[in-house]
Amino acid sequence: MDTLLNPTASRLRDFAIPGPAGAMAARLHGEPKSAGLLPVVLYLHGGGFVSGSLNDADVPARFIAEACGVLVLAVDYALAPQRPFPAAPEDVHAAALWMADNATGFGGDVHRLVVAGDDAGGNLAASLTLMSRDRNGPAIAAQVLIGPMLDPSMTRLADAIRIKSDIDATICAERYRQYLPYSRQRLHPYASPLVSCRQAGLPPALILTAECDVLHDEAEKYAASLIAAGVPTHVVRFPGITHAALPRHTPALEEIGCFLRHRLRTDSASRT
């Protein structure tokens, strides 16, 4: 794999970036332009913290790149149980720092960095915004959370049978057990963004949920917390859609496109 990017590269490029425990696989979606810099979205795949790969991010990443005219960088972060918390959020923060340092070299705008993710990737996206604020960088312009897993206590799970969810408490418990092997970790805000009492100052958010997903209540609770903290937040629940289907659901992807086009245009205008 390449270790550097060429601005004249093709629309899809695999390479490697440095991480806390060694090189991380990454994939760039989108086409750099010869004139002007493009916003860059860091996309984090799902898989419940224990599985998933760059291939799982291809559909949403490609859609976002094409619909918004941006560059999308997907990364392979650490997976449990081989590398439990905090390895994954530290990988993601390292990827964001690398993106900020190198974006200009591959046609990206360091002033318009976005984070997005689904399932466990949604948790890590939310965690990254907390880490970036707490560690003074990199600056994140917006966040997109798609069916995120935000509450390891699982106290807000919906009734899987009643809503016809494709995942249930047993599945969630097994994933969290591997990701957070020590019970005290479940109260850490970088593992459970929902328990954080400090949402003020986080970037504008789009939170997408599915009706047939036991996780929709906790995601919508997090949206309410962001709104209460003064964070511009838009939340949409899609009827009749399952957890697994949400990241590839065309109306959900179109919602992401509208949100990012608005937010990135607003951010660009505010600097001129």
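Bear in mind that the values in this text are calculations on the coordinates, not laboratory data. Given the structure is predicted, the values throughout are model-derived calculations rather than measurements. No Cβ is skipped: glycine too gets one built from the backbone with ideal geometry, and neighbour counts run over all protein chains shown.
A few points about this structure:
- When the P(r) of the stretch 123-272 is calculated, the portion above 28 Å amounts to 20% of the C-alpha pairs.
- Amide N of the stretch 99-136 lying under 16 Å from the label point, which is placed 7 angstrom from the Cα of L187 along Cα→Cβ: none
- Positive-end residue, the stretch 1-150 charge dipole about Cα centroid, Cβ charges, pick of A88, A139, H29: A139
- For the stretch 106-188, trypsin sites (Lys or Arg not before Pro) meeting the loop criterion (DSSP other than H, G, I, E, B) and having at most 12 other Cβ atoms within 10 Å: R135, K164.
- Here R237 and N102 are evaluated by their C-beta separation; at R0 = 35 Å the FRET efficiency comes out at 0.45.
- Counting DSSP beta bridges with both ends in the chain, the antiparallel % (nearest 5): 30
- Relative to its Kirkwood radius, the Cα radius of gyration of the stretch 59-190 gives an Rg/Rh of 1.00.
- Restricting the stretch 129-224 to chymotrypsin sites (Phe, Trp or Tyr not before Pro) in coil, as DSSP defines it, with at most 12 other Cβ within 10 Å: Y182
- Size of electric dipole in the chain: Cβ of Lys, Arg +1 and of Asp, Glu -1, about Cα centre, debye, nearest 20: 520
- Stokes-Einstein D (µm²/s) once Rh is taken as the Kirkwood radius of the stretch 147-187 over alpha-carbon pairs, at 4 °C in 1.567 mPa s: 118
- Efficiency of FRET from Cβ geometry, E220 and K164, R₀ 22 Å, rounded to 0.05: 0.75
- Principal semi-axes of the equivalent ellipsoid, √(5λ) from the alpha carbon gyration tensor of the chain, are 27, 20, 18 Å from largest down.
- Here the contact order of the stretch 12-267, divided by its residue count and restricted to Cα pairs under 8 Å and six or more residues apart, works out to 19 percent.
- Per-peptide average of other Cβ atoms within 10 Å, ordering 249-256, 143-150 highest first: 143-150, 249-256
- Helix 120-134 and the longest principal axis of the Cα set of the chain meet at an angle near 70°.
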